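Here is the structure we will look at.
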Amino acid sequence: MMIRNRGYDVVFFDLDGTITDSQPGIVNSILYALESLNIYEEDLDKLNAFIGPPLTDSFKKIYGFDDDRAILAVEKYREYYREKGIYQNTLYDGIDHVIESLYNDSKILVLVTSKPTVFAKKVLEYHNISRFFKNINGSNLDGTRVHKDEVIEYTLGNMGSVDKTQIIMIGDRKYDIIGAKQHNVDSIGVLYGYGSLHEIKSAGPTYTVQTPRDLLPIISK
């Protein structure tokens, strides 16, 4: 893997599957939503597909819901998530060290997630790492700005004049990689999250890493 000598100055971090292992909270929230609609899912592995893309899209794709039923499912999901699911996650081993090291190295860190901004802020505060991020950008509760390319576009639009060659997006799903490509931003696909090796490789990231600590040599000068 070839690493640039000058590193990157601005780092866009995905949240679920990149900073936090959020599977328990998300899966439990989905189960609650499904059971509220009289659907009892036994194949829990099937629900991992919900981690990353917008919830409405996933309920439609995986369970064939129409617009109204998908919206209701998301409302039920949030009933559980805002009270319990939001706290049912852990930091990946070493990612807090990576984030703090980048911050101390004067890197600009921005959270770029499809999770609603209000929930993303609470997750970072819960783990006492929100202070390292200049901005926390996510989706809106009204169902807008839910796709990763939209959140990246919003983030770039609020940064003013910036050299895109100095920005890198870090994520564990193809949506992170594809979204970065759409805006001419380099990317790192992490293989410790929820995206398979095939998914990440097929999306064509600039780099791939096996562990959080592998991020530092790529980003730091």
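Overview of values
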{"item": "Relative compactness, region 53-97, computed as alpha-carbon Rg over 2.2 N^0.38 Å", "result": "1.50"}
{"item": "DSSP beta bridge pairing in the chain, given as percent antiparallel to the nearest 5", "result": "10 percent"}
{"item": "Residues whose placed amide H lies under 5 Å from that of D172, excluding near-sequence neighbours", "result": "V190"}
{"item": "Region 121-221 shape via C-alpha gyration tensor axes, a/c threshold 1.5", "result": "rounded"}
{"item": "Helix-only CD estimate at 222 nm, as mean residue ellipticity for the chain, using -39500 (n - 2.57) per DSSP H run (n ≥ 4)", "result": "-11500 deg cm²/dmol"}
{"item": "Crossing angle, helix 95-104 versus the chain [Cα axis fit, 0-90 degrees, rounded to tens]", "result": "40 degrees"}
{"item": "The chain: angle of helix 148-157 to the longest principal axis, Cα-based, in degrees nearest 10", "result": "50 degrees"}
{"item": "Loop-located trypsin sites (Lys or Arg not before Pro) in region 85-159 whose Cβ has at most 16 other Cβ within 10 Å (DSSP)", "result": "K134"}
{"item": "Nearest-0.05 FRET efficiency for E79 and A49, computed from C-beta distance (R0 30 Å)", "result": "0.90"}
{"item": "For region 1-136, fraction of C-alpha pairs farther apart than 19 Å, in %", "result": "53 percent"}
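Just so you know, all these numbers are worked out from the coordinates, no wet-lab data involved. What you see is a predicted model, and the numbers here were worked out from it, not measured in a lab. All Cβ positions, glycine included, derive from the backbone under ideal geometry; neighbour counts span all protein chains shown.
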